[in-house]
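Structure first, commentary second.
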Amino acid sequence: MRPINLIVIHCSASPNGDSLFRGSPGTPGLQTPESMLDSWHALRGFKRDPKARAAFNPALASIGYHFVIYTDGTSVTGRGLEEIGAHVSGFNQKSLGVCMVGTDKFSAAQWQTLRELITSLCKKFPEARVVGHRDLSPDQNKNGVVEKFEWLKICPGFDVLAWLASGMAPVVSALVP
């Protein structure tokens, strides 16, 4: 297993409340959130290692995340834990990416699943810091704090450090109505 020192929370940057399911269950045209993300990541030029893809989730050729949390709270895998992700430039080598479907408002079920998943990952990788994607933006003024004006993205749409400090309770202002 490769060393993991970061667990990075992301959002899919899709409309809040949109499940990202397209088509009808049981039909060949069904697209799942992870297959939608896979196609978006393919457009950005992401590619999974062929050996890793053959061994784990072979239908996903490009997805950069290790986990995706659906709007109903279901958690599915993208890349395998031992596979280097493609979710935050400069930090992929030793990190895991968790993506919540939405932009800045998430369902109660998503918050519960995120809490359970992060708790589990932190037990497995106790040295890992949990951060939001935006927290890894460059500290342009070199004061040791990545401030709002320095964010390259709002992803995941909430303050991960405040969420952790609250005991991982759902962020009320970031709940889908």
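The values are calculated or read from the model by the stated rules, or taken from the named source; none is laboratory data. Because the structure is a prediction, the values reported are computed rather than measured. All Cβ positions, even for glycine, are placed from backbone atoms using ideal geometry, and neighbour counts span all protein chains on display.
Remarks
- All positions within region 24-35 that are small (G, A, S) and either surrounded by 12 or more Cβ atoms within 10 Å (Cβ to Cβ) or closer than 26 Å to L175 by Cα (or both): S35
Rundown of residues vs (1) at positive phi; (2) in contact with a Leu (Cβ under 8 Å, 6 or more places away or on another chain); (3) of a type in the set (F, W, Y); (4) outside any loop (DSSP other than H, G, I, E, B), yes/no style:
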site: D72; (1), (2), (3), (4): no, no, no, no
site: V76; (1), (2), (3), (4): no, no, no, yes
site: L96; (1), (2), (3), (4): no, yes, no, yes
site: R115; (1), (2), (3), (4): no, no, no, yes
site: S120; (1), (2), (3), (4): no, no, no, yes
site: P170; (1), (2), (3), (4): no, no, no, no
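- Some residue of region 151-162 being more than 22 Å from F46 (Cβ to Cβ), part of a helix (DSSP H, G or I), in contact with a Gly (Cβ under 9 Å, 6 or more places away or on another chain) and not small (G, A, S): yes
- Residue satisfying condition, being free of Cβ contacts under 8 Å to residues at least 40 places away in the same chain and either crowded, with 18+ Cβ neighbours inside 10 Å or touching a helix residue (DSSP H, G or I) at 6+ places or on another chain (Cβ under 6 Å) (or both), within set G64, G132, G102: G64
- Residue match in region 136-144 (condition: modelled with pLDDT of 95 or more, under 16 Å from the mean Cα position of the chain (by Cα), closer than 18 Å to C11 by Cβ and outside any strand (DSSP E or B)): no
- Only one of G167, G90, G97 that is under 30 Å from Q31 (Cβ atoms) and either among the small types (G, A, S) or at pLDDT below 95 (or both): G97
- Cβ-Cβ under 9 Å pairs, at least 6 apart or on other chains, region 118-129 side more than 18 Å from G80 (Cβ to Cβ), far side small (G, A, S): C122/A128
- Within the option set R53, R129, being at pLDDT 95 or above, among the basic types (K, R) and over 29 Å from R22 (Cβ atoms) holds for one residue only, R129.
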